[in-house]
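The values are calculated or read from the model by the stated rules, or taken from the named source; none is laboratory data. No experiment lies behind these values; they were computed from the predicted model shown. So basically every Cβ, Gly included, is an ideal-geometry build from the backbone, and we count neighbours across all protein chains shown. All accessible areas refer to the heavy atoms of the entire protein, side chains included, with ligands and DNA or RNA removed. Shrake-Rupley method; radii C 1.70, N 1.55, O 1.52, S 1.80 Å.
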Amino acid sequence: MTESPVPALPTCRFQSFSEPSDPAQVAPRVAALRKALAAQGLDGFIVPRADEHQGEYVPAHMARLAWLTGFTGSAGNAVILPDKAVLIVDGRYTIQSAEQTDTAVVTPVKMEESPLDKWIEANLPEGARLGYDPWLHTVDGVARLEKAVASAGGTLVTVAPNPIDALWSDRPAPPTAAVKAHRADHAGEDTASKLARIQEALVKAKVDALVISDPHALAWTFNIRGGDVEHTPLPLGYGIVPREGRPTVFLAPEKVTNEAGDAIGAVGEIAPPAALEKQLAALGAAKARVRLDASTAASALATLIRDAGGTPDAGADPIALMKARKNETELKGARDAHIRDGAAVARYLSWLAREAPKGKLTEIDAVAALENERLKTGLLKDVSFTTIAGAGPNAALPHYRVSEASNRRLEPGIFLVDSGAQYEDGTTDITRTIAIGEPTPEMRDRYTRVLKGHLAISRVVFVKGTSGAQLDALARLPLWQAGLDFDHGTGHGVGSYLSVHEGPQRLSKLGTTPLEPGMILSNEPGYYKEGEYGIRIENLIVVEKRVIPGGDRTIYGFETITWAPYERALIDLSLLDDGEIAWINAYHAQVWSNLAPLVEGEVKTWLERACLPL
């Protein structure tokens, strides 16, 4: 039986290809903001790409930076002064920021060259009053701003409400997605048990309560999921967990389903979001020491506690590490999800191998076809992020997002596709780089060096206490030996039907958290030749305990849980040693074993050929 071909361009349920920004709107909006600031006696205002929770994805009504400047990237800050305006972005977004904003009005600046605080210090006029929204900046972030503004001889001023909101006439309404219970057979631990562990951590930290400001932590603790932002099943809300007694969850009551409400009600209280400030004030009045998550808690939360007489304690949220260490149920779900997802990816790659050489496919065709294959599982809840599908020079942009304007045909050369899925039992993230036609010797060299770095991480064993920063160089060494490198981390943490980008675990020069069993990370070194092509290879891996005969230390390694063949046409065997070849052959044998029962016809034929020993 032959499987039917994937439709060329099915409708994408979870992704849009329209260009959301209009540079022509930037000048009048910046002018209107300057007028509003002057009316309040302000000389400037900081506009971060942030919501109250410092999330990777922000709901539409919080996308103030995009509304003002046109820039839609995932990180950035604008500073609007009377005679100048800047958009400060990191190196990922240098090209995108210049394309999306009106550069005659707003000047893009690279964060690596001029971070927000340093730019303010150098450019804020002496005596100027610079405004900020305290709900959009962390405690540490505000401390840095205060220092920079003081160095410039100015004054940092809290502004409420945010002045952009009155100007944004067609501002979307806040999200109203239902908050649902996360099934016990996916969660693996009930909320009462999690709360007991959290409260034990609060006793050790000598604090009286914890404010849960990270929606991921809220979802994990109370075994709930929502749909308030793109691609991550988050309910946007807060929680307060006292050292003793019942916690309170702050969610709009109309969003909470009966099942979720009953589950939360069994262990705690549900209150409307408006009640948060009153409860923080009560903690302050009781002289409580309240732990705030330094990475996500808004400065406004600390002010509310302090002004009422309490002590805000900015530090690590104990939930972050608990959430990062997946339990056996979550790990089984992740493995099951990756086999299911692997079959969808195999169907897709088989289709791509047949159709791409014909020269008719575009990047949008490729994105839509992949989403369609995942939808065929019947279990897809969402993609886990906007698919990165880059042909030719677009593959050299690590965070490329195809639009109708940028859409390229898949021509001879390299095609990179980085994608993922949200299933209730697990979150996936996989990158494969595909050769269309005959690759150049340089492409094969670069791909094989990236593969060698990827294999080095896959095969490494390391002593307990090792951090991602200590392993990151292993993925770069084959590139360094050729005078090459890549400008992103080697890997990020991954949640369990939560964010595809989860901390604190990471494989990166900045990854200082020790890696522990149960943590899921990505393994994704790359190489990018600007204007020509890009390469990245990504599997997800799980930290696991290893036994070394004769050893006397606790040793860990990585279990690979992603299943899809590497691109044989791009492998230069002369660059691989016997151990690397053996690992690839064993991996491909496992890909075949896991996926062959789930595919048929020409897909199975393709998979068998792709998994033959090198």
Subset of the stretch 117-140 [of a type outside the set (S, T, Y) and either modelled with pLDDT under 95 or in a strand (DSSP E or B) (or both)]: R129, L130, G131, V139, D140
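Okay, residues lined up against (1) buried (at least 17 other Cβ atoms within 10 Å of the Cβ); (2) modelled with pLDDT under 95; (3) part of a helix (DSSP H, G or I):
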residue: P20; (1), (2), (3): no, yes, no
residue: L33; (1), (2), (3): yes, no, yes
residue: A78; (1), (2), (3): yes, no, no
residue: V86; (1), (2), (3): yes, no, no
residue: Y93; (1), (2), (3): yes, yes, yes
residue: A104; (1), (2), (3): no, no, no
Tell me, which helices (runs of 4 or more DSSP H) wholly within the stretch 155-225 include 3 or more residues that are surrounded by 17 or more Cβ atoms within 10 Å (Cβ to Cβ)? 163-167, 191-205, 215-222
In contact with a Lys or Arg (Cβ under 9 Å, 6 or more places away or on another chain), part of a loop (DSSP other than H, G, I, E, B) and not basic (K, R): is that true of Y497 in this structure? yes
What pairs can you find where one residue is in the stretch 33-50 and in contact (Cβ under 8 Å) with a residue 12 or more places away in the chain, the other is of a type in the set (S, T, N, Q), and their Cβ atoms are less than 8 Å apart, with a gap of 6+ or different chains? I46/N77; V47/T69; V47/N77; P48/N77; R49/S74; R49/N77
Please verify whether the stretch 398-414 includes one or more residues that are acidic (D, E) and modelled with pLDDT under 95. yes
Would you check if T329 is β-branched (V, I, T), surrounded by fewer than 23 Cβ atoms within 10 Å (Cβ to Cβ), assigned to a helix (DSSP H, G or I) and over 22 Å from the mean Cα position of the chain (by Cα)? yes
Candidates A260, A366, filtered to the one that is buried (at least 23 other Cβ atoms within 10 Å of the Cβ), farther than 30 Å from T158 by Cα, free of Cβ contacts under 8 Å to residues at least 60 places away in the same chain and out of contact with any helix residue (DSSP H, G or I) (no Cβ under 6 Å at 6 or more places or on another chain): A366
Does the stretch 569-590 contain at least one residue that is at pLDDT 95 or above, touching a strand residue (DSSP E or B) at 6+ places or on another chain (Cβ under 6 Å) and either open to solvent by less than 40 Å² (accessible area, probe 1.4 Å) or part of a strand (DSSP E or B) (or both)? yes
Those strands (runs of 3 or more DSSP E) completely within the stretch 412-466 that have 2 or more residues that are in contact with an Asp or Glu (Cβ under 8 Å, 6 or more places away or on another chain) are 413-419, 421-423, 430-436
Of the residues in the stretch 591-613 that are of a type in the set (D, E) and touching a residue at least 24 places away in the same chain (Cβ under 8 Å), the one that is least open to solvent (accessible area, probe 1.4 Å) is E602
Which residues, counting only those in the stretch 479-519, are more than 30 Å from R183 (Cα to Cα), open to solvent by less than 10 Å² (accessible area, probe 1.4 Å) and either of a type outside the set (S, T, N, Q) or at pLDDT below 95 (or both)? L479, F486, L507, G511
Taking the stretch 522-557 and keeping only residues that are assigned to a strand (DSSP E or B), under 24 Å from K332 (Cα atoms) and open to solvent by 10 Å² or more (accessible area, probe 1.4 Å), one is left with E544, K545, R546, I555, Y556
